[in-house]
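To start, the structure itself, in structure tokens.
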Amino acid sequence: MTKYVYLFREGDASMRDLLGGKGAGLAEMTRAGAPVPPGFTITTEACNAYSANGALPAGLWEQVLEGVADIERQTGRRFGDSSEPLLLSVRSGAKFSMPGMMDTVLNLGLNPGTLAGLAALTGDERFAADAYRRFTQLYGKIVLGVPGERFESRLDALKARGNRQDTDLSADELRTLTGEFQGVIREHAAIEFPEDPHEQLRNAVIAVFRSWNGRRAVDYRRLNKISDTLGTAVNVQAMVFGNLGPTSATGVAFSRNPATGEAKLYGEYLINAQGEDVVAGVRTPRPLADLQAEMPDVYAQFAAIANQLERHYTDMQDMEFTVERGRLYMLQTRTGKRTGAAAVKVAVDLANEGVIDRATAVQRVEPAALDQLFHPAIDPVARAQAHVLTRGLPASPGAATGQVVLDPDTAEQMARGGTPVILVRTETAPEDFHGMVAAQAVLTARGGMTSHAAVVARGMGKPCVAGAGDIRVDLEAGLFAVNGSRIPAGAFITVDGTTGEVFEGHMPTTEPDPGPDVTTLMEWADAYRTVNVRTNADTPADAAVARRFGAEGIGLCRTEHMFFEGTRIDAVREMIVADTPEGRRHALAKIEEYQTADFAAIFRAMDGLPVTIRTLDPPLHEFLPHVDEEVVALAETLGVPAEKLRARIEGLREANPMLGFRGCRLGIIFPEITEMQARAIFNAASLCRRDGIDVRPEIMIPLVNTPEELRRQADIVRGCAAAAGFEGYSIGTMIEVPRAALVAGKIAGIAEFFSFGTNDLTQTAMGISRDDAAHFIPAYIEQKILADDPFQTLDQEGVGELIRIAVERGRAARPGMKMGICGEHGGDPASIEFCVRAGLSYVSCSPYRVPVARLAAAQAALEARERDR
């Protein structure tokens, strides 16, 4: 028969999969001699069996009764006995901590008979009556499904008579209240409150199993990417009571401060209370430091145990404890949740204290946690009082507050005057770039995590919430509508790109302060990395930020973003409407000077590091206006008839621009575009070299399908380099369509490096538009059709296989060929782990993701080292 029940003394810390984190922790504390009340754990396998069949598995209940009998022997009390009653707690406990997401029942085993016995045993009628009130309330809510407000409203009404605390209620009042609670249960659940302790226990175990698939638990697992198949364990334990008067207490504590990482006990406690009082906020708890004065012996014992547990588990611990009439009991220990700043400090401190080694310290910090350290955050006090207007995708981290603007020109104008603005658009396009630069943050109604708004905002380190589908932008009315509210232009809103929330009004933010521990951790991480980390940067400012964060070059410089600055867009538009190569060259000559200066500034910022510059990629129609008033104004500026311009715009319109006239196709049909950009690159590089700058340009041709496309573009680039007398550059291509991956061996005969553009490679391989994916990808993840959004985390089975093929065939043709990734996946830890396994040379990501990528790359290398042992 399957063993479903393990006594605490039978388990240990290695059994987290079977006993859950809490059960394994209780078992390990028991083995270490800590003062743990006796109990047992029902395994996660039992939960999964119940979830699959809707009934307790055969043999489980008999094992539960044997476990109860063991508790009875250890305590000298009997479950259901009216003279010396044993009461139990029933708590959830999954493998990974899910605080507050599942259910707990305390004081189980009470009925009128055991209530009298408890009062006699403790000599405290009020305590016994309070325990029965608590049990009835919890059992009614957790097991019988009665809304908690039905109980809380009656308790609050009773306390309101005389403005009292729950501890001020008399035994008679508590007994009366319990009777009212049982009446509520009778009315709502249509049953009598059960008096059989064994029935209570059975139903409580089932309730905890059910809570594994409760809404809040499922949502938590989705957010934290925890598997639904793990199940929860159930911990059944003898009750100890923190509400037995002034020498009793209950509390929650951390061995270090979970907000800052400071090496000091941190927590809260309540005198004469039970555990849920601390968590539920029934009374205001006191700081743990006060316990040292109030119960010095208990505090000293707890501090010693906390230190012992931290050393034993080699990590910060989250502990629950109860003091019953001066005697300390440990009810839980688990690895403590912590902020990003605390995670870094704790890891570095534990390594410096010799508790863990540096490799372990590097592996202890979640790479995504570093995002908290480099971006502003909403003041937590203000957040608690704020009104959430809507939620979207957390497309770019950080928080900002400002006045609503609905168009990029107004954003630029108001920002010049010193007004902080939030750009709100249905979706952004390249022509919105100047407004995005001016704005404090960006909010869009449509688009996903790799939409134009998301990619550009991340590159600039600006907060962005994308795909907030409840928003309707009304340009004519000058407002946006959301969930019944109408927010006019000029009104203040606050955007949190870390959580995806949008708040009404102006909210204070706190500035980031990474501190010296981050520098230390990054130095340790770099010692283990096997791939380089570059950045996607289009401006000297972006390049400087990325270099400060440790970028080892630029993996993607998008030249088209430079076209939108100042009046350059007019020259670009002149080039697009020109009818002849001469006309296009005339317009391009106006741009070349700007491009040369831009490239020179980037080369200077990246002195001594490689800079990969992608030639023009987007379709030409993206540079043209689409509103008729703007078309007429542009026609006047260019000196061409409006009808001719309208016809040109219509002629550039495509049914599917993503697969249309873009990338290397532009340079082949209009070679003068590639010529201008190549001249600008090499003239800038020559100028910098004369000034002593170590320039390492890499020219990357986008959207290549065939070797011949690359050959023709490479010939133009080489001709321009020869004309400039420049040597010491390389030419490569982006692998972003499946065919290029499959013929990578032939393309490698020309290309000196590959860079995988995984945004487009994902689109073309999976047949999904990244700008429209938000309509169905969340549902696909919810229904488990997809494990992750493929534009956030690389699809390793499909898109990853194309990358593996290209790596193998490319390096077979050109041994040692440099290969990297420059899509947004370059900043995703799970995707970086794949890149390490696939043998890529570098990953490239937005500047503010560089520290995340450095840490993730180190962790991937350490995991690979472990696998190879």
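The values are calculated or read from the model by the stated rules, or taken from the named source; none is laboratory data. A quick note: this is a predicted structure, and the numbers were derived from the prediction, not measured. Every residue, glycine among them, receives a Cβ derived from its backbone with ideal geometry; neighbour counts consider all protein chains shown. Just the protein is used for accessible areas: all its heavy atoms, side chains included, with ligands, DNA and RNA removed. Shrake-Rupley method; radii C 1.70, N 1.55, O 1.52, S 1.80 Å.
Taking the solvent-accessible surface of protein heavy atoms with a 1.4 Å probe, what is the per residue accessible area of segment 439-544 in Å²?
38
What is the percent of Cα-Cα separations in segment 728-839 that go past 24 Å?
25
Counting other Cβ atoms within 10 Å, keep those with at most 10, restrict to DSSP loop, and tell me which GluC sites (Glu not before Pro) in segment 185-271 are left.
E192
How large is ³J(HN,Hα) for each residue in segment 829-835, as worked out from phi by the Karplus curve 6.51 cos²θ - 1.76 cosθ + 1.60 (θ = phi - 60°), to whole Hz, x for Gly and Pro?
Listing the rounded values in order: x, 5, 5, 5, 4, 5, 4 Hz.
Could you list which residues have their amide H under 5 Å from that of L786, counting only those 5 or more apart in sequence or on another chain, with H placed in the peptide plane?
Placed amide hydrogens put I781 under 5 Å from L786.
Per 5 Å bin, what is the whole-percent P(r) computed from every C-alpha pair distance within segment 1-90?
Binned Cα distances yield the sequence 3, 15, 22, 22, 19, 13, 6, 1, 0.
Multiply the residue gap between A293 and F492 by 0.36 nm, knock off their C-alpha separation, and tell me the result in nm, one decimal place.
Working it through step by step, the gained length comes to 66.9 nm.
Here are some values of P(r) over Cα pairs in 20 Å bins from 0, in percent: (1) 13, 39, 30, 15, 3, 0; (2) 13, 43, 34, 9, 1, 0; (3) 11, 22, 19, 20, 16, 9, 2, 0. Which one was computed from this structure?
Here the calculated entry is (1).
What ratio of Cα Rg to 2.2 N^0.38 Å holds for segment 229-323?
It is 1.13.
How long is the gain from T229 to A787 if the chain were fully straight, where each residue apart is worth 0.36 nm and the alpha carbon distance is subtracted?
Using 0.36 nm per residue and subtracting the Cα-Cα distance, I get 199.5 nm.
For segment 821-869, what percent of Cα pairs sit more than 17 Å apart?
Counting pairs separated by more than 17 Å, the tail of P(r) holds 24 percent.
Just the number, please: percent antiparallel of the DSSP beta bridges in the chain, rounded to the nearest 5.
Of the beta bridges lying entirely in the chain, close to 65 percent run antiparallel.
Calculate the FRET efficiency for H188 and S769 from the Cβ-Cβ distance with a Förster distance of 56 Å, rounded to the nearest 0.05.
Efficiency computed from Cβ-Cβ geometry: 0.70.
Considering the alpha-carbon set of segment 141-290 alone, what are its Rg and its Dmax in angstrom?
Rg then Dmax for segment 141-290, in Å: 18.5, 52.
Could you give the spread of the C-alpha atoms of segment 353-469 along their three principal axes, from largest to smallest, in whole angstroms?
57, 33, 29
Each label point is 7 Å from the Cα along the Cα-to-Cβ direction; what then is the distance between the points at D172 and A541, in nm?
For D172 paired with A541, the spin-label model returns 7.3 nm.
Tell me the Rg and the Dmax, in Å, that the Cα atoms of segment 478-613 produce.
Just the Cα atoms of segment 478-613 yield Rg and Dmax of 21.5, 59 Å.
If you keep only loop residues by DSSP, which GluC sites (Glu not before Pro) in segment 422-489 have at most 15 other Cβ atoms within 10 Å of their Cβ?
When the GluC sites (Glu not before Pro) of segment 422-489 are filtered for loop state and at most 15 Cβ neighbours within 10 Å, E476 remain.
Based on alpha-carbon atoms only, what is the radius of gyration of segment 1-150 relative to the globular estimate 2.2 N^0.38 Å?
Expressed relative to 2.2 N^0.38 Å, the Cα Rg reads 1.11.
Counting other C-beta atoms within 10 Å, and keeping those with at most 16, which DSSP coil trypsin sites (Lys or Arg not before Pro) do you find in segment 643-751?
Those that pass, being in a loop and sparsely packed, are R653.
Across 5 Å bins from the origin, how do the percents of Cα pairs in segment 349-398 run, short distances first?
The calculated distribution, bin by bin, is 4, 14, 14, 17, 15, 10, 10, 8, 5, 1.
Can you list the HN-Hα couplings for segment 167-184, worked out from phi with the Karplus curve (6.51, -1.76, 1.60; θ = phi - 60°), rounded to whole Hz and with x for Gly and Pro?
6, 8, 6, 7, 4, 5, 5, 5, 5, 5, 5, 4, x, 5, 4, 5, x, 4
Take segment 100-170, compute every pairwise Cα distance, and split them into 5 Å bins from 0; I just need the percent in each bin.
Cα pair-distance distribution for segment 100-170, in percent: 3, 15, 22, 21, 20, 14, 5, 0.
Determine one quarter of the surface area of the Cα convex hull of segment 637-718, which equals its mean projected area, and express it in nm² to one decimal.
Averaging across all directions leaves 7.9 nm² for the Cα convex hull.
Determine by what factor the alpha-carbon radius of gyration of segment 664-758 differs from 2.2 N^0.38 Å, reporting the quotient.
Compared with the compact-globule rule of thumb, segment 664-758 sits at 1.10.
Which length gain, in nm to one decimal place, applies between R739 and E636 when the Cα-Cα distance is subtracted from 0.36 nm times their residue separation?
Stretched fully, the R739-E636 segment lengthens by 32.7 nm.
Can you pull the Kirkwood radius for segment 597-682, inverse mean 1/r over Cα pairs, to one decimal in Å?
15.3 Å is the Kirkwood radius here.
Percent of accessible area on segment 202-331 owned by carbon and sulfur, 1.4 Å probe?
Roughly 52 percent, rounded to a whole number.
Of the accessible area of segment 28-89, with the probe set at 1.4 angstrom, what percent is carbon plus sulfur?
Here carbon and sulfur together make up 42 percent of the probe-accessible area.
So what does log10 I(q)/I(0) come out to for segment 169-222 at q = 0.13, 0.30 Å⁻¹, using the Debye formula with one equal point on every Cα and no solvent?
Those come out to -0.53, -1.03, one per q.
Using only the alpha carbons of segment 599-755, determine the length spanned along each of the three principal axes and report them from longest to shortest in whole angstroms.
49, 41, 25
For segment 10-159, what is the accessible area per residue in Å², given a 1.4 Å probe and the full set of protein chains?
That works out to 36 Å² per residue.
Can you pull the Kirkwood radius for segment 7-50, inverse mean 1/r over Cα pairs, to one decimal in Å?
One decimal place: 10.3 Å for the Kirkwood radius.
Got a number for carbon plus sulfur as a percent of segment 786-835's accessible area, 1.4 Å probe?
49
Would you kindly derive the ³J(HN,Hα) couplings of segment 302-310 from the backbone phi angles with the Karplus curve 6.51 cos²θ - 1.76 cosθ + 1.60 (θ = phi - 60°), listing them in order in whole Hz, with x for Gly and Pro?
Result, ordered by residue: 5, 4, 5, 5, 4, 5, 4, 5, 5 Hz.
Please compute, over every Cα-Cα pair in segment 413-558, the percentage with a separation greater than 18 angstrom.
Tail of P(r) above 18 Å: 64 percent of Cα pairs.
Roughly how many Å² is the accessible area per residue of segment 258-344, as a whole number, for a 1.4 Å probe?
For segment 258-344, the solvent-accessible area averages 44 Å² per residue.
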